[in-house]
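Colleague: Have a look at this one.
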Amino acid sequence: MTTDEIYQMLGEHLSRLGMGYPMRDDLIDILRETFTAEEAEVALAIPNTVIPLQPVLVEEISAGVDLPQEKLVEILESLAEKGMLFSAMTDAGEQGYALHQVGFGFPQTFFWAGEESSHGRKMAMLTAKYFNRQVTREAFSPSETKPYRYVPVGRSLEPGLQAVMPHHMMETVVEQAEVLAVAHCSCRVAYALGGRGCEHPTEVCMKFNDMARYVIDRGFGREITKKEALEIIKKTEEAGLVHFVDNADGDIQHNCNCCGCACWNVGSIRRRKIPRDVLMAVYFFRETDEEECTGCGTCVEACPVNALKMEGDFAVVDHEWCIGCGVCSTVCPSDAVKMVLRPDRTGQLPAANFKQLHETIRKEKNLDKTTPSSLP
């Protein structure tokens, strides 16, 4: 087995994850930069049949690679320390490891710490080259169920909706979390490392529960309190950023606060490169109260995806591109903006929890029969 074949096999192995890495030569370049040949062999032995953030025991990994267990553990720990593997306690109470999946560690671990280094700049260049429009689309569009959903700014929801749909509020996500952490926005950090500018804050990417424990343990982020999390939410709303979380009701692991400058989803939608519903679950649209609207146009300027325009005295919404984020409500001086449920999504709800969400995605991608790759 040649070194070239090892990296090719690893790329194919990663492509068959639920949140898989679309195969490209550019992906192989990233793998060569981040895994030694021996580390790639170990990664090949890690099952690709699990959902994101689901660690497996060392004993299960050892069945796919010809290494003494002590050496195997040494390599697994080294990869986890470098941010190339997820690590956590398994249900059996022992340390386990899992492959990073797209959006759940890859390529985020290169940038979460917010550090500027030659390696970071190189990874920013390689990941920007890899995650072109087509790769981004392939990573998120094969399944009908989307891994993420936008969460409207809380004040943009009527009290009645807040009461019956609390899962559509960031405050509820924070309240339900057991452990919380904050890291830097990987999109904006990579954007800056690539020599481009964005004035939005970076240390606003929040993690919860298993993902929070991971970023704290490995030094990619820092633990925060619920009070600090609510302060971050307030800061991001003041900065005009867009909330998104896992497309689940409970057991949320991940929150990003995105801009139209650098972020893979809001930026792609703003530039009309990828249709909104290909990338994200959108449950709300903006509605304008014409009796309250003063026609000032402030919301048009604030819209992160350019989905508003002035027609006469009122702001008109382009429902093909509105993401229901509620950012426009934060700048409206007359309280004329409200979020309403999308009429074509009536009755649709997020998955019950993170596990159900990603089991559904695997099923829709027909990955239930995928088996781990291993070297002969």
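The values are calculated or read from the model by the stated rules, or taken from the named source; none is laboratory data. In this text the structure is predicted, and so the values were computed from the model without any measurement. Because the Cβ atoms are built from the backbone with ideal geometry, glycine has one as well, and the counts that use them run over all protein chains shown.
Colleague: So, in segment 268-298, of the ones that are β-branched (V, I, T) and in contact with a strand residue (DSSP E or B) (Cβ under 7 Å, 6 or more places away or on another chain), which residue ends up surrounded by the most Cβ atoms within 10 Å (Cβ to Cβ)?
Modeller: V282
Colleague: Please verify whether segment 304-325 includes one or more residues that are part of a helix (DSSP H, G or I), in contact with a helix residue (DSSP H, G or I) (Cβ under 9 Å, 6 or more places away or on another chain) and under 20 Å from N265 (Cα atoms). Step through it out loud before you land on a result.
Modeller: Step one: filter segment 304-325 for residues part of a helix (DSSP H, G or I), giving none.
No, that holds for no residue.
Colleague: Still on this structure: Which one of S87, S143 is touching a residue at least 12 places away in the same chain (Cβ under 8 Å), of a type outside the set (A, V, I, L, M, F, W, C) and assigned to a strand (DSSP E or B)?
Modeller: Going through S87, S143 in turn, the sole match is S87.
Colleague: Only residues that are free of Cβ contacts under 8 Å to residues at least 24 places away in the same chain, over 19 Å from R218 (Cβ atoms) and either among the aromatic types (F, W, Y) or in contact with a helix residue (DSSP H, G or I) (Cβ under 7 Å, 6 or more places away or on another chain) (or both): list them for segment 31-80, please.
Modeller: If the condition is that a residue be free of Cβ contacts under 8 Å to residues at least 24 places away in the same chain, over 19 Å from R218 (Cβ atoms) and either among the aromatic types (F, W, Y) or in contact with a helix residue (DSSP H, G or I) (Cβ under 7 Å, 6 or more places away or on another chain) (or both), then S62, Q69 are the ones that fit.
Colleague: Same structure, new question: Residues in segment 334-376 that are modelled with pLDDT of 90 or more and assigned to a helix (DSSP H, G or I): how many?
Modeller: 11
Residue by residue, here is whether (1) closer than 24 Å to E359 by Cα; (2) in the same structural domain as K338 (by TED's automatic domain parsing); (3) modelled with pLDDT of 95 or more holds:
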| residue | (1), (2), (3) |
| --- | --- |
| C187 | no, yes, yes |
| R196 | no, yes, no |
| C205 | no, yes, yes |
| F208 | yes, yes, yes |
| R213 | yes, yes, yes |
| V245 | yes, yes, yes |
| D249 | yes, yes, no |
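Colleague: N247 passes all but one of (1) touching a residue at least 60 places away in the same chain (Cβ under 8 Å); (2) surrounded by fewer than 18 Cβ atoms within 10 Å (Cβ to Cβ); which number fails?
Modeller: The number of the failed condition is (2).
Colleague: Additional query: So which residues in segment 86-116 are buried (at least 19 other Cβ atoms within 10 Å of the Cβ) and of a type in the set (V, I, T)?
Modeller: Residues satisfying the conditions are V102, T109.
Colleague: Mind telling me which of the residues L31, L27, L53, L85 ends up being of a type in the set (A, V, I, L, M) and more than 20 Å from the chain's Cα centre (by Cα)?
Modeller: Result of the check over L31, L27, L53, L85: L31.
Colleague: Looking only at residues in segment 21-30 that are farther than 19 Å from A80 by Cα and in contact with a helix residue (DSSP H, G or I) (Cβ under 7 Å, 6 or more places away or on another chain), which one is surrounded by the most Cβ atoms within 10 Å (Cβ to Cβ)? Walk me through it before giving the result.
Modeller: Residues of segment 21-30 farther than 19 Å from A80 by Cα: 22-29.
Still in the list and also in contact with a helix residue (DSSP H, G or I) (Cβ under 7 Å, 6 or more places away or on another chain): 22-24, 26-29.
Values: P22: 20, M23: 16, R24: 18, D26: 16, L27: 23, I28: 16, D29: 14.
Going through the qualifying residues, I end up with L27.
Colleague: Enumerate the helices (runs of 4 or more DSSP H) found wholly within segment 152-237, keeping only those where 3 or more residues are closer than 30 Å to E77 by Cβ, of a type in the set (D, E, K, R) and in contact (Cβ under 8 Å) with a residue 24 or more places away in the chain.
Modeller: Helices (runs of 4 or more DSSP H) meeting the threshold: 209-217.
Colleague: Inside segment 31-82, can you point out the residues that are of a type in the set (A, V, I, L, M, F, W, C), in contact with a Ser or Thr (Cβ under 7 Å, 6 or more places away or on another chain) and part of a helix (DSSP H, G or I)?
Modeller: Those that are of a type in the set (A, V, I, L, M, F, W, C), in contact with a Ser or Thr (Cβ under 7 Å, 6 or more places away or on another chain) and part of a helix (DSSP H, G or I): A37, L44, L72, A80.
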